[in-house]
1. Return the pairs, sorted by first residue and then second, in which the second residue is crowded, with 18+ Cβ neighbours inside 10 Å and of a type in the set (V, I, T), the first residue lies in the range 130-143 and is free of Cβ contacts under 8 Å to residues at least 60 places away in the same chain, the beta carbons are less than 7 Å apart, and the residues are 6+ apart or on different chains.
2. Kindly indicate whether F82 is aromatic (F, W, Y) and over 18 Å from Q313 (Cβ atoms).
3. Give the residue that is surrounded by the most Cβ atoms within 10 Å (Cβ to Cβ), with candidates limited to residues of the range 151-176 that are closer than 17 Å to D265 by Cβ and of a type in the set (D, E, K, R).
4. Looking only at the range 245-259, count every residue that is of a type outside the set (G, A, S), out of contact with any strand residue (DSSP E or B) (no Cβ under 7 Å at 6 or more places or on another chain) and either more than 12 Å from S227 (Cβ to Cβ) or not in a helix (DSSP H, G or I) (or both) and tell me the total.
5. Within the set of pairs 6 or more residues apart or between chains, which connect a residue that is part of a strand (DSSP E or B) inside the range 210-237 to a residue that is modelled with pLDDT under 95 and of a type in the set (S, T, Y) with Cβ atoms less than 7 Å apart?
6. From the list S101, S118, which residue is among the polar types (S, T, N, Q), out of contact with any Cys (no Cβ under 9 Å at 6 or more places or on another chain) and within 18 Å of G139 (Cβ to Cβ)?
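The values are calculated or read from the model by the stated rules, or taken from the named source; none is laboratory data. All values derive from a computational prediction rather than experimental measurement. Please note: Cβ atoms are built from the backbone with ideal geometry, for glycine as well, and neighbour counts cover all protein chains shown.
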Amino acid sequence: MNSLTTPTTNDGELQAWEAPFLCVVQMTGLNKFGRRSVDVQQPVEQLEGRSIEQLLATYGSPLFVTSEQRLRENIRHLLSAFSSRYPEVIHGWSYKTNYTSAICRILHQEGSWAEVVSAFEYDKARSLGVPGAQIIYNGPHKTTASLQRAVTEGARIHLDNFDEIAALEKIAGQQKQVAQVALRLNFDTGYTDTWSRFGFNLDNGEARDAAVRVMRSPHLKLIGLHSHIGTFVLDVRAYQAQIRKMCGFMRQLESQYDIYLDYLDIGGGFASRNALQGIYLPPEQVVPGFEQYAEAMCTTLHEELLDRRSLPQLVLETGRAVIDEAQCLLTTVVANKRLPDNRRALVLDAGVNVLFTGFWYHHKVQLTQPSRGYPEETVLYGPLCMNIDVIRQSISLPPQQPGDRLLISPTGAYNNTQWLQFIEYRPAIVLLHADDADVSVIRQAENLQVMNAQDRMPSHLETPDGV
């Protein structure tokens, strides 16, 4: 054997041998769609001055890391973009996007109300000190007990169906109160798929029938209109069409029935800087900024409501675009594999159980140590014993060794609410403080005690042998 057949280091020591393989060379540079996106950039060794290796050594891997500074900057940016163009703007924090208590508290400190869609979320908002009058209660399933509480505490209740109208009318009548309600509308904008599952259809007259039903009730007061046209909406014209339809319906109700509505709630759906599967161009080129959303929407509102004696409140329920980029996921390489088609694969300690959005995003993946070797097409698998546990179907990465770390982002939206307790414990979430160098655990990692806490053992099964 010699140095021509067996590579050596400068000191003459033999290098580790790796079997030869064939791979497709991935060309970079310009093409007819623009510049090809590059998955691998310079290694990231710190997050806001905190060592990634130290974070993982202290809190374990995988680990969700949340930036308080980025979160506060995001919500301030959103509110500034809209309040500079419209006189009265309310942001209702979408609890289903991420209801980690510390994250909700930060947003409430910044002035956000709570937008909730279940009895659980309503209870959580109240436990965090949000007054009932600053809760927007949405969703197709509101329990009787939660509606009773919402009426008593003066929450804004958004009605979803006729059965709910009847149920709420009965509850408010029994309590001898008048419930403040809005109608949730659905309709075709021409730019998004119609979410016809929720609310009352505007195009076929159902919404008008619902409004008449509410206005005839002595126990219900119609104070607003609400619609949510979809999720990850990239075309701002969809919101312009939404606002025109909502304003038209509002004018119709006000002129025909001599009422005056307090607010229009346009829901959420703003996209984050994540890479949605099926879209070729990078997020930087296709995702509108807050100013673009705000300019399109507020200009349309002013045009549509020019002759109204005052402008209604504008309510936003933006979740994803506020929290997504304020959080990342750190994960560790567990093993290497070479697949039958000769592609390289990595097994990570984080899978779709904690990164549920991996099913529809191509998350950005970054190295946390200098690159070693030639990048090639790689599949990223999680640790779960199921075939669909794939974080990325294809990404260009240099060779990785067990113990190497990867940074996956953005991950702040929906992963901490839609994650699964399946096969593996769910990891910790930490918060990087905005005003000092401290790090706080805002959700502890699970362990066996947590997992067994809700189990109950029948008496005849208390002993292992049944005796």
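1. I135/V116; Y137/V116; Y137/I157; G139/V117
2. Taking the combined requirement at face value, the residue does not satisfy it.
3. Result: R156.
4. Count: 7.
5. Matching pairs, first to second residue: V233/T192.
6. One residue alone meets the criteria, S118.
Residues checked against (1) assigned by TED's automatic domain parsing to the domain that holds R338; (2) polar (S, T, N, Q); (3) over 22 Å from N415 (Cα atoms):
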site	(1), (2), (3)
L367	yes, no, no
P370	yes, no, yes
P375	yes, no, yes
V379	yes, no, no
G382	yes, no, no
C385	yes, no, no
V390	yes, no, no
S396	yes, yes, yes
P399	yes, no, yes
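Let's see how each residue does on (1) in contact with a helix residue (DSSP H, G or I) (Cβ under 7 Å, 6 or more places away or on another chain); (2) assigned to a helix (DSSP H, G or I); (3) over 22 Å from I75 (Cβ atoms):
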| site | (1), (2), (3) |
| --- | --- |
| L107 | yes, yes, no |
| A114 | yes, no, no |
| Y122 | yes, yes, no |
| A125 | yes, yes, no |
| S146 | yes, yes, yes |
| V151 | yes, yes, yes |
| D163 | no, yes, yes |
| A166 | no, yes, yes |
| K170 | no, yes, yes |
